[in-house]
Every structure is written in structure tokens, then in C-alpha cells.
Amino acid sequence: MNQPLYAVPAEWAARAHVDAKGYGARHAESLADSAGFWQREAQIVDWMTPFTTVDESCFDEAGFGIRWFGDGELNVSANCLDRHLATLGDTPAILWEGDDPADTRTISYRELHADVCRFANILKAQGVRKGDRVTLYMPMIPEAAMAMLACTRIGAIHSIVFGGFSPEALAGRIQDCDSTLVITADEGLRCGKTIPLKANVDAALTNCPSVERVIVVRRTGNPVAMQPGRDIWYHEARDGVSDDCVPEPMNAEDPLFLLYTSGSTGKPKGVVHTTGGYLVWAAMTHKYVFDYRPGEVFWCTADIGWVTGHSYVVYGPLANGATTLMFEGVPNHPDFGRFWDICDRWGVNIFYTAPTALRALMREGDAWVTRASRQSLRLLGSVGEPINSEAWEWYHRVVGDHRCPIVDTYWQTETGGTLMSPLPGATALKPGSAAVPMFGIEPVLVDAEGQVLEGVADGNLCIARSWPGQMRTVWNDHARFFQTYFTTYPGRYFTGDGCRRDDDGYYWITGRVDDVINVSGHRMGTAEVESALVAHPKVAEAAVVGCPHPIKGQGIYAYVTLNAGEDGDDALRAELVKWVRREIGPIATPDVIQFAPGLPKTRSGKIMRRILRKIAENEVDSLGDISTLADPSVVAALVEARGAPS
Ligand code: 6R9
């Protein structure tokens, strides 16, 4: 393959935490002497009680379990705050810019520490105890980070639900983990428009008996209903509360947070991350992948409702004493230059975003970028989906002025932090490749039968052994954890992604090989959209697949069979789109709804998604063998009536 290769700039090779030789040696050591490697690297966090055991994980059915640093004790908020106070007390921990560019805040480590302690004391006063679940449904404001850290301070388990999810989706996530307390805001703000967060919580809670208290942060100040005895204003509760709160010593394997994510089947699952391994992984990957140096301003544009926001807006950067920028707004408001203006305004050194945002900005032209100086930028990052080479080249040439390496970080909610990425001082870059495994990561490519593929190969990506940031279980369903990730290829963790290894040993993620689609970098289970559609009274059956989309990466293509006597017209299409948005949220908005009198099924009644995918991708000449279908004639009818994403 004739891939352009961008060599490591000389000054990077000389100054970075890790150079090419260092990477090779350390990666080899991390596999050959895992215990020794992690004994040393895990000191990136402060332990209250040192661990004496390192990795006790087992991927086999007999003895299955993931466990790291099992007898160590630590506290996450103490690592993110207290230990920095002596040296970084007056250094900004959080730089915040609101939806309106004039709305800004700077919060020092000392101030953040005090606010987190107060918030922790408020939670305690409301009866929250170690191990209780607290659901956050918050806008991107500093109080969201404070709430997360306050939970960690007292050992409560937070579960953040993205503010774009509907009341129904929120209710499901509260019920699954029986949260006793919800933290929200009166409203969110997006492009100057308000988002009714508190009203959504009220709607969700009609169905959530476990919730006893709701803490409401005032964001917009517009009036909202408060239920006496249940709802509490944060600013009132905060009055007179002590800013002293002793951090709870937590076992390394105590749950830190839950985060619901989509899989190929069933309801979203509560991914459980624990305290020690997760924090070590978030901090270590933040340091090496972004070559983070003290004093730098780090900006990850992800919302804290996604795992990227957990690991690289809050935990990784703060554990390392970095200044993290938190942005409430969107890239195109008030105009398409917003990102680059923010970089100039705050002197951002490291900038980390998703390909979908880059594609959307790229098509608006270079002038929005070049009107900003971007002189502070040193390193760029990408995450969430494969980055196409056009977007990569634009990012490198226009945003980074050819000067800034790009780290394409491949990882998942399940993995806690980056699994594969170039290291900027060590790895020559190939646009679109996530390059090389992080320390401790042993990737394996296997074919459909589970045979290991060596050398240059294209296969399914598995990881052969555990790493500290790996999820530990699915909340309340350990069997589902094992079943989902460890049975397809026994003895290995299966990522669900396809992957190619080239002749330089670089890895190229080719996308999901299961029924998960990736829409604007957000994971969506096709089964979730299908069950939302069939809940509509006029729908008999639905099948959802991904289709190529120029900005979102993948769009949502839905085949819908209506009940007998119903007419599929544009009005019903619009109604179904609205319905799905209400059931799940705007991120699940179908791009195409094709009414289908019949779906291609095998004789045993299984929908042949392969065929539906081909039709959605407009690859109707390569449908493959359709002879096993119960009624092959439905295929011609579907091809005839194909829709196109608008
Ligand atoms: C962090 C995050 C995980 C899925 C993952 C893969 C895709 C993420 C990627 C990437 C290619 C990258 N993905 N980063 N594909 N290159 N750099 O996004 O977590 O929301 O759980 O999604 O996203 O398909 O399996 P999550």
C-alpha cells in the first residue's frame, strides 16, 4: 500500500516522554514482565494502602474475573485534587467556556477542591453512602465535574446519562441501577436554545421509585417546577456547608462509575469501571498518548455523558494536574470558527475531538480556521470512529499547519482509555491508522473461526490479556459480561471491531463487525432503534442498519413493515422520526425510513441483515447468495424502493 508516512518531528523525538526506542522497550517489558511494569507505572497515582498483587485476571470461564491491584486502597478525588494543592493550588484546574462565548469561568485546583468537598458533604447530608448509585443528567458545566468528583470522594458510584437522551432513556438507566439520587440542572443551553433537563427528569421520575432526592443546579435561571420534599437547589444546599471532607479510602476494585452503552442486542448495559485500575489507565494514557507536560492546557471536546468525557475531560487530566478545558457549546455556534477561537482565547496546547466534527467543519472552508492563529497548539487528537484520510490530512495541514502530530486514539467505553494510538514522540503517522498498542495491550487478529492470524492480516480484533482500565462487569449481570465479550473467541476479549494489520505492524480499525453502528462517533445498537420503532402502533416490524453518511460517518437506515391496512407516506415517516427521537433522543434520529412490505428472512425467520446493509450502502450488485431466503422476491422490491439519506 502506498500510504503517506509522517515521520516523528526531530524535536518531538528528542523531548517527548517516550521515543521510538523507548516505546518498543516498554511495550515489550509490559508484556514480558507485566507485574514489574505495573508495579512501577501504577505509581502515577497515590495509594493510601499500597497494593501487593498486580494482575489477577482470568478470561477463561473457569476462574473468570478481572482484578487489578486488588488489595490496594486509594481515593480518586484525592488523586485529582488534594495531592496537587501544595504545588498547583492556584493553577487553573478547569477553564470553562459556555454556550455563549462571553460566559466563562476559571476554577483553580484550590477552588475545585473546596467545591468538591462541599458537594460531597451535601450528598452525605442527603443520605448518600458508599456504594450508592447517583445518576447525573447534566449540561457541560463545572458542577458536572464537581458532582463526579464529589461522588468519588465519598465512594458513591456515579452514572452519567447524556443530556441529549430522552426521559424514557433516562428512566431506564435509573431503574437498572436503582439510583437514590439524581443531579441535574434547571436547563441546558445549546446554540442559545434551552434544553429542559429538569422537566425531563420530572418526566423520567414518574417511573423511578428508587429516587429519593434530586439536586438541581441553577444554569439558566428560568423557572422550573420543584417537588417539595424531593427536589433541592444546589445553591441553597451549599450555603454554610463545610469545605472539609475527608476522602473515603476505597479498595482498588470498588466500583467507581457506571456508564450505559449500546451493544448488539438487548437494552444498553451498565459498564462498570473500578477505582484503581481505571484511574491508573486514564492517567497513564493521558500522559503518554498526549505527551502531557505540566502547565499545558488540554482540551477534549467530548461531553461528559460519554466515556471520552469521563477519561479525558475529567479523570485523566485532573489526575495528572493538568488544566482541562470544558466547553458547553457546539462547533458551529456562533459560527464555524468557534473551536479555533477557543484555542486562541485559552491558549490550548492539546486539542482532542471526533472525526464527525472535523468533517462538518472541513466543508465550511479553511477561512474559519485560518482567522485564528492556533499558535498554542502542539498536538491534535482524534477519537470515536475511524478518521478518513481526507479529514486527517485537513486536520494536519489546515488546523495544525503541518506542525502538530495527530494521535488517532482507538478505544471503547469498555476499555476505560486508549488501547491503540500513535505516541507522538515515537510513532511515524499513517493517516487513518490507530497505529500501535498501548503498554500492556496485546492485540490479536482472528478469523471467523477464531484462528489467530499472523503478520499482514484482516480479521476481528481481540485483546489477549487484561489491562488495568478494562471494565469489570455489566451492572447486575455478570453472566452477560462474560457472554458478550469472552465467548465468541474463548479466552480472549472481543472488541466487536474489524481490524487490519499492515506490513509495518500498524493497526487499522475497519469498523464494527456486529450490529452496533457508529453515528457521529456515538454508539447505537440497531436493536434499540428497532424496538423503539416497533413500539409505534402502526409498525409491525423494523430492521435497522448503518448507511454511509458524509458527515456522521454512519447514518441510521430503517426498514419498516407496517401493520396491514396502514399507508406508508411522508407524514408517517415524519411521525416515526419524531417517535424515535422521543423514545431514545435526537442522536437516534433515523436518516432514512424505507417502508418495506417484506423483509428478507431465512426459512427459520432470521432477518438477513447482510442484504439490508448492502441495499442501504447502495451495493445492490453484490448482494451475495440470496437463495436461502424464504421469499427471495422481497429483495428486488427493496432494491426498487431504496431511499437516500437527506
Ligand atoms: C472512545 C469511544 C467505541 C467504538 C469502537 C470503534 C469506534 C472509537 C476509534 C474507533 C476507529 C478510532 N472507535 N475510536 N474506530 N478509530 N480512533 O468512542 O467509545 O463510544 O464506546 O465507542 O467506537 O468501533 O468499538 P465508544
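The values are calculated or read from the model by the stated rules, or taken from the named source; none is laboratory data. These numbers were taken from a predicted model, which means no experiment stands behind them. A quick note on method: Cβ atoms are made from the backbone with ideal geometry, for glycine too, and the neighbour counts reach across all protein chains shown.
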Out of (1) within 15 Å of the ligand (Cβ to nearest atom); (2) part of a loop (DSSP other than H, G, I, E, B); (3) over 30 Å from residue 366 (Cα atoms), what's the single condition that is false for residue 440?
(1)
What's the total number of residues in the stretch 400-436 that are under 26 Å from residue 466 (Cβ atoms) and within 13 Å of the ligand (Cβ to nearest atom)?
20
For the subset of the stretch 248-282 comprising residues that are within 16 Å of the ligand (Cβ to nearest atom) and assigned to a helix (DSSP H, G or I), which member is surrounded by the fewest Cβ atoms within 10 Å (Cβ to Cβ)?
278
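Check the stretch 470-486 and report whether any residue there is more than 24 Å from residue 274 (Cβ to Cβ), part of a helix (DSSP H, G or I) and touching a Lys or Arg at 6+ places or on another chain (Cβ under 8 Å). Give the steps one after another, and end with the answer.
Step one: list which residues in the stretch 470-486 are more than 24 Å from residue 274 (Cβ to Cβ), which gives none.
Looking for residues that are more than 24 Å from residue 274 (Cβ to Cβ), part of a helix (DSSP H, G or I) and touching a Lys or Arg at 6+ places or on another chain (Cβ under 8 Å), one finds none in the stretch 470-486, hence no.
Quick one: would you say residue 515 is surrounded by fewer than 17 Cβ atoms within 10 Å (Cβ to Cβ) and within 16 Å of the ligand (Cβ to nearest atom)? Steps first, please.
Numbers: surrounded by fewer than 17 Cβ atoms within 10 Å (Cβ to Cβ): no; within 16 Å of the ligand (Cβ to nearest atom): yes.
Spelling it out, it is not the case that residue 515 is surrounded by fewer than 17 Cβ atoms within 10 Å (Cβ to Cβ) and within 16 Å of the ligand (Cβ to nearest atom).
Do the conditions hold for residue 495, that is, is it closer than 25 Å to residue 37 by Cβ, at pLDDT 95 or above, in contact with a strand residue (DSSP E or B) (Cβ under 7 Å, 6 or more places away or on another chain) and not in a helix (DSSP H, G or I)? Give the steps one after another, and end with the answer.
Values: closer than 25 Å to residue 37 by Cβ: yes; at pLDDT 95 or above: yes; in contact with a strand residue (DSSP E or B) (Cβ under 7 Å, 6 or more places away or on another chain): yes; not in a helix (DSSP H, G or I): yes.
Considered against the rule, which asks whether it is closer than 25 Å to residue 37 by Cβ, at pLDDT 95 or above, in contact with a strand residue (DSSP E or B) (Cβ under 7 Å, 6 or more places away or on another chain) and not in a helix (DSSP H, G or I), residue 495 comes out as yes.
Residues that are within 16 Å of the ligand (Cβ to nearest atom) and closer than 17 Å to residue 190 by Cβ: list the helices (runs of 4 or more DSSP H) wholly contained in the stretch 298-368 that include at least 2 such residues. Let's see the steps before the verdict.
Details: elements: 316-319, 338-346, 355-362.
Here the list reads 355-362.
Is there a residue being touching a His at 6+ places or on another chain (Cβ under 9 Å) and surrounded by 14 or more Cβ atoms within 10 Å (Cβ to Cβ) anywhere in the stretch 6-26? Show your work before the answer.
Filtering the stretch 6-26 for residues touching a His at 6+ places or on another chain (Cβ under 9 Å) gives 6.
Narrowing further to those that are surrounded by 14 or more Cβ atoms within 10 Å (Cβ to Cβ): 6.
Checking the stretch 6-26: at least one residue is touching a His at 6+ places or on another chain (Cβ under 9 Å) and surrounded by 14 or more Cβ atoms within 10 Å (Cβ to Cβ).
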Taking only the stretch 475-512 into account, find how many residues are within 26 Å of residue 300 (Cα to Cα), among the hydrophobic types (A, V, I, L, M, F, W, C) and either over 17 Å from the mean Cα position of the chain (by Cα) or surrounded by fewer than 17 Cβ atoms within 10 Å (Cβ to Cβ) (or both).
2
What are the pairs, 6+ residues apart or on separate chains, where a residue within the stretch 312-335 that is farther than 11 Å from residue 95 by Cα and without any contact (Cβ under 8 Å) to a residue 12 or more places away in the chain has its Cβ under 6 Å from a residue that is surrounded by fewer than 22 Cβ atoms within 10 Å (Cβ to Cβ) and not hydrophobic (A, V, I, L, M, F, W, C)?
none
Would you pick out the residues in the stretch 376-390 that are over 20 Å from residue 10 (Cβ atoms) and either more than 12 Å from the ligand (Cβ to nearest atom) or of a type in the set (S, T, N, Q) (or both)?
376, 382, 388, 389, 390
Out of the stretch 283-294, which residues are touching a residue at least 40 places away in the same chain (Cβ under 8 Å), of a type outside the set (D, E, K, R) and either more than 18 Å from residue 342 (Cβ to Cβ) or surrounded by fewer than 24 Cβ atoms within 10 Å (Cβ to Cβ) (or both)?
283, 284, 285, 286, 288, 289, 292
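One line per residue, one yes/no per condition, for (1) in contact (Cβ under 8 Å) with a residue 12 or more places away in the chain; (2) surrounded by 20 or more Cβ atoms within 10 Å (Cβ to Cβ); (3) more than 15 Å from the ligand (Cβ to nearest atom); (4) assigned by the TED database to the domain that holds residue 616:
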{"residue": "524", "(1), (2), (3), (4)": "yes, yes, no, yes"}
{"residue": "529", "(1), (2), (3), (4)": "yes, yes, yes, yes"}
{"residue": "542", "(1), (2), (3), (4)": "yes, yes, yes, yes"}
{"residue": "547", "(1), (2), (3), (4)": "yes, yes, yes, yes"}
{"residue": "551", "(1), (2), (3), (4)": "yes, no, yes, yes"}
{"residue": "555", "(1), (2), (3), (4)": "yes, yes, yes, yes"}
{"residue": "560", "(1), (2), (3), (4)": "yes, yes, yes, yes"}
What pairs can you find where one residue is in the stretch 584-602 and without any contact (Cβ under 8 Å) to a residue 60 or more places away in the chain, the other is among the acidic types (Asp, Glu), and their Cβ atoms are less than 7 Å apart, with a gap of 6+ or different chains?
598/631; 599/541
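Within the stretch 531-539, does at least one residue satisfy the condition of being assigned to a helix (DSSP H, G or I) and crowded, with 18+ Cβ neighbours inside 10 Å? Steps first, please.
Let us first name the residues in the stretch 531-539 that are assigned to a helix (DSSP H, G or I), namely 531-534.
Filter again for crowded, with 18+ Cβ neighbours inside 10 Å, leaving 532-533.
Yes, that holds for at least one residue.
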Hey, could you check the stretch 99-129 for residues that are touching an Asp or Glu at 6+ places or on another chain (Cβ under 6 Å) and outside any helix (DSSP H, G or I) and say which is surrounded by the most Cβ atoms within 10 Å (Cβ to Cβ)?
99
Failed item, numbered, when residue 191 is tested on (1) more than 24 Å from residue 585 (Cβ to Cβ); (2) surrounded by fewer than 18 Cβ atoms within 10 Å (Cβ to Cβ)
(1)
Suppose the filter is buried (at least 22 other Cβ atoms within 10 Å of the Cβ) and out of contact with any His (no Cβ under 7 Å at 6 or more places or on another chain); does residue 421 pass it?
yes
Flagged in the stretch 461-474 as within 26 Å of residue 385 (Cβ to Cβ) and buried (at least 20 other Cβ atoms within 10 Å of the Cβ), in numbering order, are 461, 462, 463, 466, 467, 468, 469, 470, 471, 472, 474
Restricting attention to the stretch 238-257, which residues are closer than 24 Å to residue 328 by Cα and over 30 Å from the mean Cα position of the chain (by Cα)?
238
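Within the stretch 88-102, does at least one residue satisfy the condition of being of a type in the set (A, V, I, L, M, F, W, C) and closer than 19 Å to residue 241 by Cβ?
The first filter runs over the stretch 88-102 and keeps only residues of a type in the set (A, V, I, L, M, F, W, C), leaving 88, 93-96, 102.
If we keep only those that are closer than 19 Å to residue 241 by Cβ as well, we get none.
Looking for residues that are of a type in the set (A, V, I, L, M, F, W, C) and closer than 19 Å to residue 241 by Cβ, one finds none in the stretch 88-102, hence no.
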